[in-house]
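A.B. asks: This is the structure, below, for whatever I ask next.
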Amino acid sequence: MKAWQRSLVSACALLLLFGGTAYAQVSDITPVEFSYTGNRTAVWIVAQLHTLFGAFILGAPIFVVISEWLGYRKQDLRYERLAKEVTKVTVVLFSMTALTGGLFIFVLLSAYPQFTAWFINQFHLVFAVIYPSLFISGTIVLYMYYYTWETWKGEKKGRHIALGVLLILVGMVTLFVINGPTSFMNTPPKAEGVSSQELLASATLWDKIANQTWMPLNLHRIDGNVAFGGFMTGLIAAYMFMGAKSQEERAYYDWMGFAGNLIAVGATLFQPFTGLLLAYEMCDYDFSFCPYMMADQLSMFFEMQGAMIGLMFLAINYYVWLSLKRIEGVEKVRMTILVPIVMVAFPFVMMVVMNYYWIPDPMSLAFLLPLVLAPFLLGRFIPWTVSARTVMKIGFLMVIVGDAIWLTPHGFAATGAKMLPELELPEAWGFLAGMPGKLSAIFTLVFVTVFNYVMYNRAIRQGIIVWGKIDFASQFVLIFLAFTSIWTMGLMGAVRSLVRKYFHTYGLVPDFTAESFTPTLSYSAWWITGITVVFFTILSFAVILTLRPSDAKKQVPEGSPVPARAK
Amino acid sequence: MWNVIKKLSIGLVVGIALVGISRALEFPFVFQMMFFGQAMFGAAVFMLLDAPSVRTMSGAKSVIAIVVFYVVLCTVFVSGASMWPQFDPEDEKGKIAKILKPKLAATEQGKAEELIARVKALDEQVKALESRLMSLGGGRAVKESPVAESPVAESPVVSKAAAGDFMRVGEEQWQLQECYNCHKLKGEGGKKRGPELDNIGSYLTVDEIKQKIMDPKSIMAEGFEKEWEKGKMPDKFKDVMEPNDITALATWLSTFKNTSVNTPKPIKKK
């Protein structure tokens, strides 16, 4: 797609946005009936697609600029090439974000005209001025960043990186601004003893934006977007690796996949915790959210989430396993026996400690920190060691155990109201389904992954990486991670929306339509899969369009100093 | 092949051991199967770890492999999600309609819908009268006022309450607002999140219960200091419930005076 075509698409999208905002002011609009999907699902599809494209164009620049800076600092051309290739895809997807954003407003408006008019009036300044202005600014800065790549080289590189930082800042502000209305729908401002309607009448725009879940949502999405950018880079690298014609190309895309995945894993390790913070704030806002999510209508969505995150952590560690295989001399790497001992003991010790000293009791840290640090502090004094392979296998075992704990529910019933004794966890084992159990499972997954990467780091210091010689199965692992992370995003996005129950905006605007109910997990899974497939199809098309092998060939000199055997 | 047999055998042994242990510990059958499934899944993971390398593919072969992989992923994710117990939306639909009925009636849309319903009812009554007149052959129909007979004009809640069915409305509100999720009553519901309420009528009057529902911070149950501090009881009911419904719920709750149940003592905070 040429620059003028992209500009045209962006302009159309902005027109849709402005038009939608203006049209929302017209009173007495009759809702349109979306056949087959229904109105709620139609809005869901477009909103989720917009969120996915938005996540890419906000997450990718963070990733790209860090990569460009690393390339400049280390004088490593691979980082530079990675940054430029991901930017090319980002430029194409930027117009898709604008298009789906404009479409989202129009679908929302036609499906729920009264609510949309009310909602736009609440955030008129945001929808009519701030968000479009930020979007236009973002577009300008992105194009400037892309088109000055060749001219701002060498001594001017710092200027180009600064422009990239500006792009990240604009993206962040855009995310923060749009998270205001999004989080407002879940947790509008409230005060003790005052009715929500009365409070809303006197609330300023800032009061509405800075609601209780705004900052947790910002943190969760920033972190999520970085992970998203990394996983997408891994996906691009996997496609290119599979299409590579030469060993040199394979070596480069193997490296790119590893680098993208590394950043994604780093961000993913924080995802459960920022997610917990968001859930905590939701429950603190209205405790009825908590049983609705964890024990009743949405409880099985969380079971599915546990399964997906467990699979993701298995895949992350499997990728490290396959990466270790391409390091010559890895068989000599050994670790203290304390590592597998701590890995095995960790979930059980944590579960016990958390049952006695719940967060934020500092006593829990007094027990757990020494346990986690024991391999680092005491390892050198203990003569027994085990091979890297054994450590990893024990790590895999503990990931399976951790996921088994995460997946253990209070009972196999979709709601607490329908729980039968033959489906319920025995009371004596109830702690497995409680928060201490879940937290110990999450920490085990994170802990094992961190140790595996520490071991990988030790392996590359002692051995030699043979880039491009990675097991071909690793490319499917990268694709799996990208697909699964997006699917999980869709699932948790559905949970965040459904928590509003029968309200468009919780406690303020009820949803009187016939679609105001909690859908089944199965129905949701169909649509989440469909949305993910559509996004992947467009993304794959964008990758093929911008980075097709003929282009890659031309770029060989740029990233060519990729030794097949290098650290 | 030896790798597969070995891992499968270990998985089976571990799985059977887990089933045996969990049966001895009186885990329900469904949990025993879950543990067995996890042991087999673990075996599959270890098979994968020691599996031979996949040969490098290129061109059409790799494209086909990617497409097949996506199809497998989609199938596994959708079927995986469908295997969990599914919430039946029908359980909720009637409840939501009842909760939202008074709110809908207060909106322009609700008023319009009520008007349409009344017009339809009138239309049917006119038709019925016409046919009656036809059969009688008279012309007295114009003197009768169908509006006065319309049952739609009255609020259902008020009419039921007026008919002395206040208790039933209160009990219905207990179900609709899902109070049972946190409070135990008549031995049902409750997850120890809130106090058991079987003896609440001995401690609080109808007005005090109403006050607690509308402003949860106004009264604290003894032994629930942490929950009160954190504001675990939602303060949304003043907004989502109609005043009549709150009164009905409070009146119904005030009838529970079972002294054999240890309902914690309420402490007034406001």
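A.B. asks: Could you put A:H220, A:H124 in order, starting from the residue whose Cβ has the fewest other Cβ atoms within 10 Å?
C.D. replies: So the ranking, lowest neighbour count to highest, is A:H124, A:H220.
A.B. asks: Let me ask another. Rounded to the nearest 0.05, what FRET efficiency is calculated for A:T390 and B:M83 with R0 set to 51 Å and r the Cβ-Cβ distance?
C.D. replies: Efficiency, rounded to the nearest 0.05: 0.90.
A.B. asks: Which helices count as membrane-span-like in chain A under these terms: full DSSP H, at least 30 Å along the axis by C-alpha, Kyte-Doolittle mean of -0.5 or more?
C.D. replies: Within chain A the helices that satisfy the rule are A:39-74, A:77-111, A:157-186, A:214-243, A:247-268, A:299-325, A:435-462, A:473-498, A:521-547.
A.B. asks: Need one number: nm distance between label points at B:M33 and B:K268, each 7 Å from Cα along Cα→Cβ, rounded to one decimal.
C.D. replies: For B:M33 paired with B:K268, the spin-label model returns 5.6 nm.
A.B. asks: Could I ask something else about it? Taking 0.36 nm per residue of sequence separation and subtracting the Cα-Cα distance, how much length would be gained by fully extending the chain between A:K156 and A:V32, in nm to one decimal?
C.D. replies: 39.3 nm
A.B. asks: From Cα pairs below 8 angstrom and at least 6 apart in sequence, can you work out the relative contact order of chain A, rounded to a whole percent?
C.D. replies: Here the relative contact order equals 19 percent.
A.B. asks: Can you flag which of B:K95/B:K192; A:K208/B:K101; B:K210/B:K268; A:K88/A:K156 are past 18 Å Cα-Cα?
C.D. replies: From the list (B:K95/B:K192; A:K208/B:K101; B:K210/B:K268; A:K88/A:K156), the Cα-Cα distance tops 18 Å for B:K95/B:K192; A:K208/B:K101; A:K88/A:K156.
A.B. asks: Taking the Cβ of A:L163 as the center, what net charge do the other residues with Cβ under 11 Å away carry, scoring Lys and Arg +1 and Asp and Glu -1?
C.D. replies: So the environment of A:L163 carries a net charge of +2.
A.B. asks: Starting from the 7 Å offset along Cα-to-Cβ, what nm value, one decimal, do you get for the label separation of B:M1 and A:L369?
C.D. replies: Modelled inter-label distance: 5.7 nm.
A.B. asks: Could you check the simple spin-label distance between B:E124 and A:N457, using points 7 Å along Cα→Cβ, in nm with one decimal?
C.D. replies: 7.5 nm
A.B. asks: Tell me, what is the FRET efficiency for B:A112 and A:S497 to the nearest 0.05, using R0 = 30 angstrom and their Cβ-Cβ distance as r?
C.D. replies: Step by step, r from the Cβ atoms, then E = 0.60.
A.B. asks: Using only the alpha-carbon atoms, how far is helix B:166-176 inclined from the longest principal axis of chain B? Give it as 0 to 90 degrees, nearest 10.
C.D. replies: Once rounded, the angle reads 20 degrees.
A.B. asks: Something else about it: Measuring from centroid to centroid over Cα atoms, what is the spacing of region A:383-449 and region A:230-263 in Å?
C.D. replies: 33 Å
A.B. asks: While we're on this one: Considering only B:A112, B:A17, B:A250, give the residue with the highest GNM mean-square fluctuation for chain B, with springs between Cα atoms whenever their separation is below 10 Å.
C.D. replies: Looking only at B:A112, B:A17, B:A250, the largest GNM fluctuation is found for B:A17.
A.B. asks: Also, quick follow-up: Beyond a 24 Å Cα-Cα separation, which of these cross-linked pairs lie in this structure: A:K438/B:K232; B:K232/B:K269; A:K501/B:K186?
C.D. replies: The answer is A:K501/B:K186.
A.B. asks: If I take R0 = 51 Å and measure r between the Cβ atoms of B:L8 and B:N258 in this structure, what FRET efficiency does the formula 1/(1 + (r/R0)^6) give, to the nearest 0.05?
C.D. replies: 0.35
A.B. asks: Right, here's the next one. Can you check what the net charge comes to around A:R221, using other residues whose Cβ is under 15 Å from the Cβ of A:R221 (Lys, Arg +1; Asp, Glu -1)?
C.D. replies: So the surrounding residues net to -1.
A.B. asks: Same structure again: What does the net charge come to around A:Q48 if you take all other residues with beta carbon closer than 13 Å to its beta carbon, with K and R at +1 and D and E at -1?
C.D. replies: +2
Each value in this text was obtained by applying a stated rule to the coordinates, not by laboratory testing. This is a predicted model, so every value here is computed, not measured. Reconstructed Cβ throughout: ideal geometry from the backbone, glycine too, with neighbour counts over all protein chains shown.
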